[in-house]
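*Asks:* Shown below is the structure under consideration.
Just so it is clear, none of the values below were taken in a lab; they were calculated from the coordinates. Predicted model, so just to flag it, every value in this text is computed and none were measured. Cβ sites come from the backbone with ideal geometry, for glycine too, and all protein chains shown count toward neighbours.
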Amino acid sequence: MRQEKDASFNPVFPVELLLLGHDARYVKNTVICMQNEPAEKIFFLKEGEVCLSYYGENGERKIVFYVEKGSIFGGVISLVLNKKVYGVSAITLTKSLITVFSKEVFFSTLINNVDFTRFCLCAVAKELWAMGSHLESLSFLECNRRVASALLWLTNHAGKVEKEESGELEHTFKITHQELGELASVNRVTVTNVLKELEKEKIIRKGSKTIMIPAGGKQKLKRYIKNIWI
């Protein structure tokens, strides 16, 4: 019987291309690129954590995406669509090591290197999918489910993952109530109340500016969002 090939599409960044950029180290809370500024550079996250945020006209900040290690970010969508400015701001959440590319190098490599083109296509698709899911959450979910959905999203895109003896995964990430509120588009008081409820139900454990989802907690979060308790 013929075995079908895996149809998944998850290309890896061509490491030889890192020589075309230069490495830069950033401390926590550094603005890498600012919304509406000229999109002159593309960034590759080697180490650390970065979030993408959107600022409204009143200055209110909303977190829209967490960049995964080994991903590109910055003006990819803007440059491809010839928008010329960054659509969001990128801010480091921890000490980070980032490779910086000029837009000239980006376009030249995009045209001449098929592997890089595939990687960029996948990166843009992931970002658009995440933003679409985030907008769906904001549009249709009530506040407590928004917070739970944000936590569930974080288990796949940010923080530290450890495997328990049972084989199940434990997720830990550093995030303040304010930052979680920005991600879920709810106020800080709502976040505090929802986290208290989730902790009471033993779905999460809280530390100093950290939230830990223990083994089995991810499935409990999913049931919480669907309001189905077993």
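*Asks:* Compute the acute angle (0 to 90°) between the alpha-carbon long axis of helix 103-112 and the principal axis of greatest extent of the alpha-carbon atoms of the chain; round to the nearest 10°.
*Replies:* So the helix axis and the longest Cα principal axis differ by about 80 degrees.
*Asks:* Let me ask something else. Farthest toward the dipole's positive end in the chain, which of Tyr54, Pro214, Phe44, given Cβ charges of +1 (Lys, Arg) and -1 (Asp, Glu) about the Cα centre?
*Replies:* So the residue furthest toward the plus end is Pro214.
*Asks:* With Kirkwood's inverse mean 1/r over C-alpha pairs for Rh, give me the Rg to Rh ratio of the range 15-137, two decimals please. Present the calculation step by step, with values, prior to reporting the outcome.
*Replies:* On the way: Rg = 13.8 Å, Rh = 14.7 Å.
Expressed as Rg/Rh, it is 0.94.
*Asks:* Based only on Cα atoms, what Rg/Rh ratio does the chain have, Rh being taken as Kirkwood's radius?
*Replies:* Checking Rg against Rh, the ratio lands at 0.99.
*Asks:* To the nearest 20 debye, what charge dipole does the range 15-137 have about its Cα centre, counting +1 at the Cβ of each Lys and Arg and -1 at the Cβ of each Asp and Glu?
*Replies:* 120 debye
*Asks:* Taking the 0 to 90 degree range and rounding to the nearest ten, how far is the long axis of helix 143-157 tilted relative to the main principal axis of the chain, both from C-alpha atoms?
*Replies:* Orientation of helix 143-157: about 50 degrees from the principal axis.
*Asks:* Val85 to Asn187: extension gain in nm, 0.36 nm per residue of separation minus the Cα-Cα distance?
*Replies:* Length gained between Val85 and Asn187: 33.8 nm.
*Asks:* Which distance in Å, rounded to a whole number, links the C-alpha centroids of the range 35-89 and the range 177-219?
*Replies:* Cα centroid of the range 35-89 versus Cα centroid of the range 177-219: 26 Å apart.
*Asks:* At 37 °C and 0.692 mPa s, what whole-number value in µm²/s does Stokes-Einstein give for the translational diffusion of the range 141-226, with Rh from the Kirkwood sum over Cα pairs? Walk me through the intermediate numbers first.
*Replies:* On the way: Rh = 12.7 Å.
So the translational diffusion coefficient is about 259 µm²/s.
*Asks:* Mind putting a number on the dipole of the chain about its Cα centre? Charges go on the C-beta only, +1 for Lys and Arg and -1 for Asp and Glu, and I need it in Debye to the nearest 20. Could you put the intermediate results ahead of the total?
*Replies:* Working: 32 positive and 26 negative charges, 110 e Å.
Computed charge dipole of the chain: roughly 520 debye.
*Asks:* Additional query: Under 8 Å for C-alpha pairs, at least 6 residues apart: give me the relative contact order for the chain, rounded to a whole percent.
*Replies:* Here the relative contact order equals 19 percent.
*Asks:* Something else now. Which listed residue (Asn113, Leu183, Trp129) has the Cα farthest towards the positive end of the charge dipole for the chain, taking +1 on Lys and Arg C-beta and -1 on Asp and Glu C-beta about the Cα centre?
*Replies:* Leu183
*Asks:* Turning to a different aspect of this structure: Could you state the angle between the C-alpha long axis of helix 114-140 and the longest principal axis of the C-alpha atoms of the chain, as a value from 0 to 90 degrees rounded to the nearest 10?
*Replies:* Taking the Cα atoms of the chain, the angle to 114-140 is about 30 degrees.
*Asks:* Which net charge results when you count Lys and Arg as +1 and Asp and Glu as -1 among the other residues whose beta-carbon is under 14 Å from that of Thr94? Please report the intermediate quantities before stating the final value.
*Replies:* On the way: positive: Arg25, Lys28, Lys46, Lys69, Lys95, Lys160, Lys174, Lys209; negative: Glu47, Glu49, Glu68, Glu179.
So the environment of Thr94 carries a net charge of +4.
*Asks:* Between Val15 and Leu128, what FRET efficiency follows from the Cβ-Cβ distance if R0 is 30 Å, with the result rounded to 0.05?
*Replies:* Calculated value: 0.75.
*Asks:* Moving on. Using the structure shown, select from Lys62/Lys126; Lys84/Lys126; Lys160/Lys218; Lys41/Lys174; Lys126/Lys202; Lys28/Lys69 the pairs with a Cα to Cα distance greater than 25 angstrom.
*Replies:* Those over the limit are Lys41/Lys174; Lys126/Lys202.
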